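> Take a look at this one; I'll ask things after.
The values are calculated or read from the model by the stated rules, or taken from the named source; none is laboratory data. This one's a predicted model, so the numbers in the text were calculated from it and none came from an experiment. Reconstructed Cβ throughout: ideal geometry from the backbone, glycine too, with neighbour counts over all protein chains shown.
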Amino acid sequence: MAHFADLSVYTYHPEEIIGFPGGATSYQPSYERLNVGWLDAPHEWETGIVPDGFADALLDIIAGRRINQMRGFHVCTLCPAPTSPGRPRTLDVKHRSRTLYLGSSEIRVPSGPGTMFAAPTLIWHYVTAHGYRPPDAFVRAVHAYDPEWTSGPWVPADADRRDSRGNPLVSPDLRPLFARTGTPALNLRPGSGATGNRSRR
Ligand SMILES: [Zn+2]
C-alpha cells in the first residue's frame, strides 16, 4: 500500500466519494485532510498502547459509510508474505454479526474545524496486529466520532449524488438535515436570535 507520514496532507484522491445504501455522494472537499495510518513496509511506524475500547470504536467507524471505495484490495505489507501464492490475502473481521473486509476503502474522522483525518480501513489491523499507535489527536477524534457528520455541513449542499446506476439524485430530504445542524442561511428566522448567536442543542 502507499505510505504517507502521519499528519501529512492527504492527496491520494482529489475527491471524496461517500457510499450510502443505493448510491454515492461525491464532492471536492473544502476541508483539509490529514493522513493517519498509511503504513507500508519497509517504512517504520509508531508503536504503543492505545486506550481501552479504541480498536472497537475504530471498527464501528469502519462499519459505517464507505469512503473512496476501490474495486481491488490493498494488502498488509507488514505481515509475512503468504506461504501459498495466488490466494487472496484480504483481511476480514467480524463486527456485530457482519463481516467487514479491510483494505478497499477509507474512513474519515472529523477533527478540529476544517480538518478531517483520512485513514485506510486497514488501520484497524495495524493497531490490533502490529501495535501501531496513531497520533493522540486521532485517538481523541475517534472516541468523539459522530457518524452524522455526512449529513452536516462537512458535505457541501451541492455535492453530486447518484444512485447505484449512476443516475443523478435530487435529495429534498437533505434540507432539513442541514437546517438542523445550524448551517447559516437556512434556519435564520426573525426573532430566533439570528444575529450570530445560533441556538446550540
Ligand atoms: Zn499485517
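> Starting from region 130-147, take each residue that is outside the structural domain of Ala119 (by TED's automatic domain parsing) and of a type in the set (A, V, I, L, M) and list its partners that are surrounded by 15 or more Cβ atoms within 10 Å (Cβ to Cβ) and part of a helix (DSSP H, G or I), counting only C-beta distances under 7 angstrom and pairs at least six apart or across chains.
none
> Just checking: which of the strands (runs of 3 or more DSSP E) contained wholly in region 39-119 hold 3 or more residues that are of a type outside the set (Val, Ile, Thr) and farther than 16 Å from Tyr12 by Cα?
91-95, 98-102
> Cβ-Cβ distance below 8 Å, separation of 6 or more or different chains: which pairs start in region 100-126 with a residue that is at positive phi and end on one that is within 15 Å of the ligand (Cβ to nearest atom) and among the β-branched types (Val, Ile, Thr)?
Partner pairs satisfying both residue conditions: Gly103/Val75; Gly103/Thr90; Gly103/Thr121.
> Kindly provide the set of residues from region 89-99 that are more than 16 Å from the ligand (Cβ to nearest atom) and either loosely packed, with under 14 Cβ neighbours inside 10 Å or touching a residue at least 40 places away in the same chain (Cβ under 8 Å) (or both), ordered by number.
The answer is Lys94, Arg96, Ser97, Arg98, Thr99.
> Can you confirm whether Ser164 is within 16 Å of the ligand (Cβ to nearest atom) and either in contact (Cβ under 8 Å) with a residue 12 or more places away in the chain or in contact with a helix residue (DSSP H, G or I) (Cβ under 7 Å, 6 or more places away or on another chain) (or both)?
no
> Can you pull out every residue in region 120-161 that is of a type in the set (A, V, I, L, M, F, W, C) and more than 16 Å from the ligand (Cβ to nearest atom)?
Answer for region 120-161, where residues must be of a type in the set (A, V, I, L, M, F, W, C) and more than 16 Å from the ligand (Cβ to nearest atom): Ala137, Phe138, Val139, Ala141, Val142, Ala144, Trp149, Trp154, Val155, Ala157, Ala159.
> Here is a further query. In the set Ile18, Ile62, Ile107, which member is of a type in the set (Val, Ile, Thr) and within 16 Å of the ligand (Cβ to nearest atom)?
Working: Ile18 fails: within 16 Å of the ligand (Cβ to nearest atom); Ile107 fails: within 16 Å of the ligand (Cβ to nearest atom).
Unique residue meeting the criteria: Ile62.
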